[in-house]
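Step one of this worksheet: look at the structure below.
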Amino acid sequence: MLTRIGACLLLLLTSVPSLSGAEFEMKVTDKNYLDTQGFSVFLYDSTYHPVFVDQKNTAMEMILHGQRIATNGDVRLMPTPEQWDLVATLKGRHADKEKDRLTADLAFPSFDFSYTLEVAAEPGGVKVSINLDKPLPEKLAGRAGFNLEFLPSFYMGKTYLVDGTRAGIFPRTPNDPMIKVLPLPDEPKKAYYLEDWDKAKGYTQPLPFAEGKSITMGVDDALARVNVTSDTADLMLFDGRNRAQNGWFVLRSLIPSGKTTGAIVWHIRPDVIPNWTRPPVIAHSQVGYAPGFSKVAVLELDPKYNAPKTAKVLRLTEDGSYKQVFEGPITPSTPWLRYVYSKFDFTPVKDPGLYVIEYAGQRTAPFPVSKDAYANIWQDSLDHHLAEQMDHVSVREGYRMWHGASHLDDGRMAPVVGEQFDGWNQATATDGKYKGGDHIPGMNVGGWYDAGDFDLEEPAQLSVIQSLALAYREFDLKYDELTVDEAAREVEMHRPDGVPDTVQQVRHGALYILAQFHNIGHAIRGTHEPDLRQYTQVGDGASKTDGRIYDPKLGPNEVKGDYSGKPDDRWIFTTNNPFFQWNAIAALAAAADVLKGYDDAMAKDCLETAITAWNEEKAHPTPNPAGGGLGGAAPAGAPGGGVLASSQGAVSGAAAPPAAPPPGAGRGAFGAGLEWAAALELTIATNGAEPYKSRLKQLLPQMITPEQMGFRGWTAVRALPYLDAGEKDQLRQAVKTYMAGLDKQLDATPFGVPPSLGTWGGSGAVVDMAIRMYFLHKAYPDLVGPEYTLRAVNYILGTHPVSSTSYVAGVGTVSKTKTYSNNRADNAYIPGAVIPGYIIIKPDFPECIDDFGFLWFEDEAVVAGSASWVVAGNAADAIVKESNRTQ
């Protein structure tokens, strides 16, 4: 929140006279991108994802005044291509420091079409050229063009000028005429599901909403203003949102026939503010702090910014006035990526009340100092996000129906059709008595939509069950704000029914896992949409299918009782592997322990099913899939974390386990880790019965190595009641060894938490750290302090790079309110959703866009992340409560 001083500074920045034609010079940096103060251009520092393909973070990208405004600059064969449309093959990239030029060698091999994309510095900006090896193939005339996509949330509502005179406003809502553009005759054959998807959508493309030789965008905003002029074909502006809500504005020129060198030539001249520096970010907890604990804000600063040496804390009084209560120094700056970082320690501020931090003319939003600062930070995740994601039931909140009872026609065994979208595949044509296409009865119960989509990812289901079971047992979590009626398939928020919500959620997840064992005989990959048309649909999950079981004997629109001729039933991927099987055993054992006293019959079923599966797995181990991977799990870089998995490379949630052990852990330890969770949960659920206790003890040495302690080994502290004195000593020494090297690892970033280095944001790894360090602190308070858990929780709540926005939607004074959830088409959020957070746009640009919710790698909240946050939030509150009791 800006003060009047900050607002005046911002007004000064945005009212600087236009600099069109200013002859600043860009240089190729040591990191091989073009840069000048206030403007950077990347070229293929990232490539298209091997599974997700277009993630809006590759090819030519532009960063203007600290905002990535454009991406995907390259030749495309459609005006507004979608996620899986054909992209060029990158053959090589080069950075020429002498000529300040970036080049990429590219090709569409199936069309015998090769070219070079060149971005060269010139006075006032860059010159972009497409140089062909030979003239454009005739079949690509009118189809191949250079596209550059611009961020819609940054430009919609702003103005543009075409050829200096024709004015317009970037639309907030797409509304352009559509035309049919059929596939090219010789276009490479797509996967069958892409062909079906294109047919279902009708092969439509929008017409441009502006066209000319010169287009200036963001004319009314000095921070966004950029001019593009074409020396060759006309520029055309398209709105990609006509085809999909996650589309961007696309600037495009068609490649003319007969030309090679300079087939496309653009001049891009951003209106760079002279000596611009990025305003400081004051990263702090948006829910505040507990009085007796560390309070440290992290200042993210432009390296060229002349930073003040002190910061202040002001108290917000009852009459709305501010009173300074503390002033202190900031630490010397530390470089990381493209910014530098300092810290402001205001731990001496302990009196309860409302406060703001003031630094360099800016004030933060108010935050409390309170002994119950963390008391409610997890509740929205449990009773909004997880509740809204419940499948096979309707979910109501007051007047609002979040969704109807969904997927009551689940499901048909998936046929063997090769790899499906999002990395799913069915390994066998038959499974027991079922074959591909058969309806499997009893599978329309329980489970949670995984994320912004509606599939039931097995690892996510197992992780949620284990996380919530852990929260219930560790914190005696009797919180009750939901009514859950599984028989009526109805859930209602803000309506207690006398049963703790964690218990009801565990029961809901266990219903789905039990259905697998009772109807199929083992754990499965999960339940997934049969086609992309259904998969990409957002909104009410109950509208995705007709709720009736498919009967191939009926006509396409024929209905007969609970059956129909519409093959929209989701597919059940029955593929199994050791990871699914062992963790299903663990999840059922954990559920059994929680359900005792609430649903004794189901608790008995869970435990007996887990024990039977254990015995079968020991007698007849589930084989690893061909290739040694985890068979059908989502690809590397997809979400994986929570209590179920690990913090190694994890992000919020558990869509997939890590495909390999952490560095140095070894394959043997990784395999032992799969069995470990089952042994631990069965030992606890049976009060130390055999053979689970003995197996737990056998596995202990492999689990408490330095490499494993940060992976699964820390969970050994939950086994302390079952260990003898010697084993307890081994565990204590393992924790001591782990802590000896931990701080050095965490010092890799200025925030003291695991860095986000993957293709998805890394908040899940930080939540895992909060949980791990809480349990280690509780077991060994003399070895592990409470600050690790609180630091990790404060990070999620705003003490992180790029902005100080809470990653928990709706939690904190300033939080993420546009997320990649199933209501994203409304530019909305689900309260309690925990987003992945920032990623590094390679090579050095950390990004998490506050006002845009369509980048799944930054914004997609998954259920396993919310369940883990329930544990982490309660852990932070428990630490503060314990301190309050001992004071």
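Observations
- Scaled against the 2.2 N^0.38 Å expected of a compact globular protein of N residues, the Cα radius of gyration of region 102-228 reads 1.29.
- Given charges at beta-carbon only (K, R positive; D, E negative), |dipole| of region 436-580 in Debye: 360
- Normalised per residue, the accessible area of the chain is 36 Å², obtained with a 1.4 Å probe and no contribution from ligands, DNA or RNA.
- Normalised by residue number, the volume inside the convex hull of the Cα atoms of region 22-67 is 78 Å³ per residue.
- Rg(Cα) / (2.2 N^0.38 Å) computed for region 27-121, rounded to two decimals: 1.09
- Normalised by 2.2 N^0.38 Å, where N is the number of residues, the alpha-carbon radius of gyration of region 461-567 equals 1.36.
- Diagonalising the gyration tensor over the Cα atoms of region 342-494 and scaling each eigenvalue by 5 before taking the square root yields semi-axes of 43, 21, 15 Å, largest first.
- An oblate overall shape is assigned to region 160-273, the ratio a/c of its alpha-carbon gyration tensor axes (a ≥ b ≥ c) being 1.5 or greater and a/b not exceeding b/c.
- Region 459-515: C-alpha gyration tensor shape, a/c 1.5 cut-off, then a/b vs b/c: oblate
- Net length available on complete extension from T317 to V814 is 176.9 nm, with 0.36 nm assigned per residue and the Cα-Cα distance removed.
- Charge dipole (debye, nearest 20) of region 699-814; +1 at Cβ of Lys and Arg, -1 at Cβ of Asp and Glu: 140
- Stretchable slack from T347 to E122, in nm (0.36 nm times residue separation minus alpha-carbon distance): 76.0 nm
- Solvent-accessible area, 1.4 Å probe, carbon plus sulfur percent, for the chain: 52
- Solvent-accessible surface (1.4 angstrom probe) belonging to T609, in square angstrom, nearest 10: 20
- In loop segments of region 376-484 as defined by DSSP, the GluC sites (Glu not before Pro) with at most 14 further C-beta atoms inside 10 Å of their C-beta are E419.
- At most 13 other Cβ within 10 Å, DSSP loop - GluC sites (Glu not before Pro), region 25-120: E25, E98
- Ranked by how many other beta carbons lie within 10 Å on average, peptides 559-565, 859-865 from highest: 859-865, 559-565
- Region 89-170: C-alpha gyration tensor shape, a/c 1.5 cut-off, then a/b vs b/c: oblate
- Dipole magnitude of the chain, debye to nearest 20 (Cβ charges: Lys/Arg +1, Asp/Glu -1, about Cα centre): 1460
- Rg followed by Dmax, in Å, when region 733-789 is reduced to its Cα trace: 11.8, 37
- Only helices reaching 24 angstrom along their own axis (Cα) with mean Kyte-Doolittle hydropathy no lower than 1.0 count here, and for the DSSP H runs of the chain these are 578-595.
- Only Cα sites of region 790-887 enter the Debye sum here, all with the same form factor; the resulting log10 I(q)/I(0) across q = 0.11, 0.17 1/Å is -0.34, -0.73, listed in q order.
- Maximal additional length on extending the V325-D600 stretch stands at 93.4 nm, based on 0.36 nm per residue less the C-alpha distance.
- Rounded to the nearest 10 Å², the accessible area of M703 at probe 1.4 Å: 0
- Pairs of Cα atoms nearer than 8 Å and 6+ residues apart set the relative contact order; for region 98-148 it is 28 percent.
- At R0 = 45 Å, FRET efficiency that the Cβ-Cβ distance of Q730 and D497 yields, to 0.05: 0.50
- Reach of K697 by Cα under 20 Å, taken over aspartates and glutamates that are not fewer than 8 positions away in the same chain: E617, E675, E681, E707, D724, E727, D729
- Computed over the chain, the P(r) tail beyond 45 angstrom holds 30 percent of alpha carbon pairs.
- Pairs spanning more than 25 Å between alpha-carbon atoms, out of K295/K323; K816/K842; K816/K881: K816/K881.
The values are calculated or read from the model by the stated rules, or taken from the named source; none is laboratory data. The model shown is predicted, which means the values in this text are computed figures rather than measured ones. FYI the Cβ positions are ideal-geometry reconstructions off the backbone, even for glycines, and counts take in every protein chain you see. Please note that ligands, DNA and RNA were not included when accessible areas were found on the heavy atoms of the full protein model with its side chains. Shrake-Rupley method; radii C 1.70, N 1.55, O 1.52, S 1.80 Å.
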